[in-house]
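The block underneath contains the structure these notes are about, expressed in structure tokens.
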Amino acid sequence: MRKQIAAANWKMNLTLQQAEALMDELNATPHRLSENQEAVFGVPFPYLINIKNKLAGKKNVFVAAQNCYSKKSGAYTGEVSAEMLQSIGTDYVILGHSERREYFNESHAMLAEKINICFEYGLKPIFCCGEPLDIRETGKENGYVETQLKECLFHLSAAQLTGFVIAYEPIWAIGTGKTASSEQAQQMHAHIRAVMAKKYGAEVAGSISILYGGSVKAGNAKEIFGQADVDGGLVGGASLVAAEFAAIINSLK
Ligand code: PEP
């Protein structure tokens, strides 16, 4: 059974004190995770160790970095390597978020390298894909997302993609308050699974957790997560509010 995941993406928000207070508040807010469910916290680099420590002893709860560099080590001032992330016990790495693609010019080729290095160091990528508004408005979203999958993932082996995590995040729904309808989400998630199945077979495709991202909140999570091919969410704004994120966790299938 593939995993159902509620992943928080805090982006560049919160001081350490605010981040720790948020985790304390969340821990005090009733939420539950069953055997096939996970909560993942995508926190800023400087707090990874602190938040990991806050989660010590909790089952099915993990931390994610929001990026890593594609090279092993060396003269890359300001960058953070996969090996560094591994050495502090990071579990997941969010890669290919549309904000990184847009503001930091991350290309398909660079993302493919980042995914490779994550695998090399035992880090689990959460690979983001999704189309901008003009592509959606011209009905080209399936082809657009298919290209992102092919260019960034198709060099990987079936073993690497078994249990892999993809986040479909339509750019027009990120931070805009405009959510894709549950039908739109299901349609694209089924398409993503079909693209992966065509290349790797139904078993591998069926093991991939496909998260939806784009203005998920407590009020819409249950309906979106209830779709057959939606295996949870990658959540920005609402993950900064303990009661909202606890309710989102409780909305997992
Ligand atoms: C995100 O940044 O991954 C995201 C989905 O943000 P929001 O939930 O705020 O739309």
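Could you list, in sequence order, the residues of the stretch 82-108 that are open to solvent by 60 Å² or more (accessible area, probe 1.4 Å), within 16 Å of the ligand (Cβ to nearest atom), part of a helix (DSSP H, G or I) and closer than 15 Å to Tyr69 by Cβ?
Within the stretch 82-108, no residue meets the criteria.
Within the stretch 191-242, can you find the residues that are in contact with a Ser or Thr (Cβ under 6 Å, 6 or more places away or on another chain) and in a helix (DSSP H, G or I)?
Val204, Ser207, Asn220, Ala221, Lys222, Glu223, Ile224, Phe225, Ala242 - these are the residues of the stretch 191-242 that are in contact with a Ser or Thr (Cβ under 6 Å, 6 or more places away or on another chain) and in a helix (DSSP H, G or I).
List the residue pairs whose Cβ atoms are under 6 Å apart, where the first residue sits in the stretch 94-117 and is without any contact (Cβ under 8 Å) to a residue 24 or more places away in the chain, the second is open to solvent by 50 Å² or more (accessible area, probe 1.4 Å), and the two are 6 or more positions apart or on different chains.
Partner pairs satisfying both residue conditions: Glu106/Arg100.
Any residue at all in the stretch 51-63 that is small (Gly, Ala, Ser), open to solvent by less than 60 Å² (accessible area, probe 1.4 Å) and either within 20 Å of Gln17 (Cα to Cα) or in contact with a helix residue (DSSP H, G or I) (Cβ under 7 Å, 6 or more places away or on another chain) (or both)?
no
Take the residues of the stretch 190-212 that are among the basic types (Lys, Arg) and touching a residue at least 12 places away in the same chain (Cβ under 8 Å): which is nearest to Asp229 (Cα to Cα)?
The residue in question is Arg193.
Condition check: of a type in the set (Phe, Trp, Tyr), closer than 18 Å to Val40 by Cβ and within 15 Å of the ligand (Cβ to nearest atom). Does Phe164 satisfy that?
The answer is no for Phe164.
The values are calculated or read from the model by the stated rules, or taken from the named source; none is laboratory data. None of the values given here were measured: they were computed from a predicted structure. FYI the Cβ positions are ideal-geometry reconstructions off the backbone, even for glycines, and counts take in every protein chain you see. Surface areas here come from the heavy atoms of the whole protein model, side chains and all, with no ligands, DNA or RNA. Shrake-Rupley method; radii C 1.70, N 1.55, O 1.52, S 1.80 Å.
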